[in-house]
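J.: What follows is a single structure, and I will ask about it in a moment.
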Amino acid sequence: MVPFLDLIARVGIIHPTYLFIWIMKSLLKIYQSHKKALLVLFATWGLYFFLVFIRMIAYKPSGLYVGHKNVWGDWALHIGMVSIFAYKDPQYWFAYHPVYAGGKLTYPFLVNFISGMLVRVGFSMDMAFIIPSLIYVFFLLTGMYALFYIVLKSKKQTLVAISIFFLSAGLGFINFLRDFSKNPSLKLLLYPEQEYSNAIPYEVYSGNFVVGMLIPQRAFLLGMALSLWIMTGLVYILLNRKQAIGNRRILLVLGTLAGLLPIIHIHSFIVIIVVTGSLCLISYERWRELLFYAVPAAIISISLYLMFISGGIENPQFFQWLPGWTSTGGLIGWLKMWIQLWGIMLPIAVFGFFLLRKKPLIIKTFFFSFFLLFILANFFLFQPMRFDNTKIFMWAYLGFSGLAAVTLSWGWRRGGRTFSRFDVVLMAIVLTFTGSLELIRLQRIDRNQVQLANAEDIKLGVEIREKTDPLAIFLTSTDHNHPVMMWGARSILMGYPGWVFTYGFLYQQREKDIAVMFKGGAEAEKLLKQYKISYVAIGPSELKNLQANESYYAQNYPVAIQNQNYRIYDVRKLGLNSNGEQQLNARGKDWRENY
């Protein structure tokens with residue numbers, strides 16, 4: 001698999017045609033030497049992801065539908081961000097946070113920027129999501145294969161490790177067997193009635209990483225794929241000391257890619273710091289060479305942090321000390337939690353690491369860094385939402401999956417001496433049964449599909465884009481899929497509280513003020529002026545959840561836009577001075593320029 005990196009290392013400044021031919025020949029050579037394993041990989045996991053993604057989002061006459069509740073929960077924000085890049089002029093792209101007016105856009109945006117550019121050149125919204133996802137999956141699978149093959153030197157162990165990872169995690173299958181024994185049926189096998197990897201008491205809402213992370217969290221898919229290739233390149237170079245000049249070219253590319261991670265996926269960036277930092281630390285004697293990786297990574301990442309993240313997090317307790325993570329009851333409670341969440345993975349991974357004791361230090365350090373990630377995430381909270389630490393645990397599980405493959409392979413070879421091959425099969429089942437149930441359930445799009453937006457609200461968003469100022473601020477409910485945010489590409493005062501909380505905004509007073517503003521009256525007018533609201537949206541959610549006093553707005557403000565579900569009231573006159581002119585801020589500019 002790694003001759004391609006040899007190729008890159010040899011490349012100087014040569015004619016692009018020769019370079020292309022050289023690359024194609026090298027790729028063909030790699031493919032021939034790994035043909036069977038790669039065919040198995042893409043005929044199984046490649047086909048599975050393809051069939052899931054091409055059906056995960058679709059337009060119907062009644063609106064836009066998605067194929068899973070987790071996607072329903074996450075992709076509304078992604079569509080909102082894609083709409084900003086697709087439909088607004090570049091000068092407005094980073095003017096505000098999509099779910100918090102006046103807030104800095106700290107969310108890693110690159111994955112949505114790519115989809116936004118596809119929409120901009122003519123792709124439909126659904127295809128702008130599907131096509132990049134399939135490309136990211138290709139690089140994810142090939143990256144996993146390349147990385148595991150380099151460190152394990154076994155095609156079979158590599159395929160086993162990948163499968164163990166995707167079929168994560170836990171002992172939830174025991175509950176399934178209990179349910180199945182009470183009501184045995186083929187129907188239950190074809191569509192498990194619940195997600196058995198969930199562990200709500202521990203704030204784990206999906207224990208399978210495909211269902212909980214890679215499908216719904218678009219930034220994670222791209223971030224993980226890119227990070228895998230960064231690790232692959234660095235491990236390859238550190239294991240092979242030849243071609244020092246060519247190595248520097250590779251390291252420069254790897255460092256550049258690592259430096260981009262703050263705008264791709266911040267948790268993968270944390271992982272890259274820990275994993276590649278550990279590898280560089282134990283390879284200190286090659287520090288001059290490794291500077292070609294570390295310097296561009298540091299310069300680019302720090303620059304992007306200062307540009308897009310610094311100053312945007314308001315919560316002083318965004319990063320916290322949280323020993324034991326979500327467990328209670330001391331050490332026993334902590335062990336109980338991880339047995340429930342991951343089953344037998346931890347002891348199997350530890351034993352696998354012991355089996356690698358005679359391997360090169362680079363390989364041992366590589367796997368040790370995943371234990372380090374596991375330890376860090378058990379002591380520190382990297383984001384206010386405790387579930388988000390699973391983004392670090394997911395990476396730890398990836399490394400542990402490689403160690404589990406080592407353990408299972410060792411047990412299979414030694415069958416009969418220590419324990420039987422039946423025991424190995426049993427361990428493999430325990431590791432993968434729960435995840436198998438989750439992935440069977442995930443691919444049943446026909447059962448999971450849910451409407452994310454109706455056709456009328458999509459049209460409303462188009463009208464909002466056409467008729468309102470790009471920087472206008474809307475007062476809306478805090479629904480996660482509000483059409484103003486998703487399709488209107490306009491700033492809303494505050495969106496879904498769970499998102500606002502996890503992005504580090506201090507939103508509590510604003511949330512209270514929203515309720516006051518929807519009640520109408522003098523206090524509402526004062527707050528509308530304070531927050532510089534241009535339009536108030538009143539629809540089903542505002543009426544039901546916030547008891548909006550629509551009669552007040554109907555009597556005092558004109559309707560700017562409406563459909564069968566929503567009325568958009570124009571309250572801009574509150575921003576006019578006594579002469580009917582737009583109020584200016586202290587610098588003599590239109591107040592909207594503050595946002």
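The values are calculated or read from the model by the stated rules, or taken from the named source; none is laboratory data. Model, not experiment: these values are computed from the prediction. Cβ coordinates were reconstructed from backbone atoms using ideal geometry, including for glycine residues, and neighbour counts include every protein chain displayed.
J.: I need the full set of residues from the stretch 377-421 which are of a type in the set (K, R) and surrounded by fewer than 19 Cβ atoms within 10 Å (Cβ to Cβ), in order please.
T.: Result: R386, R413, R414, R417, R421.
J.: Looking at P216, P296, P262, which one is of a type outside the set (D, E, K, R), buried (at least 17 other Cβ atoms within 10 Å of the Cβ) and not in a helix (DSSP H, G or I)?
T.: P216
J.: Does L460 satisfy the condition of being assigned by TED's automatic domain parsing to the domain that holds Y205, outside any strand (DSSP E or B) and either buried (at least 21 other Cβ atoms within 10 Å of the Cβ) or touching a residue at least 60 places away in the same chain (Cβ under 8 Å) (or both)?
T.: In short, no.
J.: When the stretch 449-471 is examined, which residues are found to be over 13 Å from W487 (Cα atoms) and in contact with a helix residue (DSSP H, G or I) (Cβ under 7 Å, 6 or more places away or on another chain)?
T.: The answer is V450, D469, L471.
J.: How about the stretch 523-544: which of its residues are more than 16 Å from R510 (Cα to Cα), touching a residue at least 40 places away in the same chain (Cβ under 8 Å) and not small (G, A, S)?
T.: Y535
J.: Looking only at the stretch 511-523, filter to residues that are crowded, with 18+ Cβ neighbours inside 10 Å and at pLDDT 95 or above; which one of those is farthest from L460 (Cα to Cα)?
T.: Out of the qualifying residues, it is D513.
J.: Can I ask one more? Scan the stretch 350-371 and report the pairs whose first residue is assigned by TED's automatic domain parsing to the domain that holds G277 and surrounded by fewer than 19 Cβ atoms within 10 Å (Cβ to Cβ) and whose second residue is in a helix (DSSP H, G or I) and charged (D, E, K, R), with Cβ atoms within less than 6 Å and a gap of 6+ or a chain change.
T.: Cβ pairs passing all conditions: L356/K364.
J.: I'd like to verify a number: residues in the stretch 62-94 that are surrounded by fewer than 19 Cβ atoms within 10 Å (Cβ to Cβ), assigned to a loop (DSSP other than H, G, I, E, B) and touching a residue at least 40 places away in the same chain (Cβ under 8 Å), how many?
T.: Selection size over the stretch 62-94: 4.
J.: So which residues in the stretch 189-204 are in contact with a helix residue (DSSP H, G or I) (Cβ under 6 Å, 6 or more places away or on another chain) and either farther than 26 Å from S327 by Cβ or aromatic (F, W, Y) (or both)?
T.: Correct list: Y191, P192, Y196, Y202.
J.: Could you pull out the residue among L147, L177 that is touching a residue at least 12 places away in the same chain (Cβ under 8 Å) and either assigned by TED's automatic domain parsing to the domain that holds I263 or in a strand (DSSP E or B) (or both)?
T.: It is L147.
J.: Tell me which residues, restricted to the stretch 1-30, are of a type in the set (F, W, Y) and either modelled with pLDDT of 75 or more or over 32 Å from the mean Cα position of the chain (by Cα) (or both).
T.: Those that are of a type in the set (F, W, Y) and either modelled with pLDDT of 75 or more or over 32 Å from the mean Cα position of the chain (by Cα) (or both): Y18, F20, W22.
J.: Still on this structure: Of everything in the stretch 476-486 that's part of a loop (DSSP other than H, G, I, E, B) and touching a Ser or Thr at 6+ places or on another chain (Cβ under 6 Å), which residue is farthest from D570 (Cα to Cα)?
T.: D479
J.: Can you give me the number of residues within the stretch 308-346 that are under 28 Å from the mean Cα position of the chain (by Cα), closer than 27 Å to T432 by Cβ and without any contact (Cβ under 8 Å) to a residue 12 or more places away in the chain?
T.: 3
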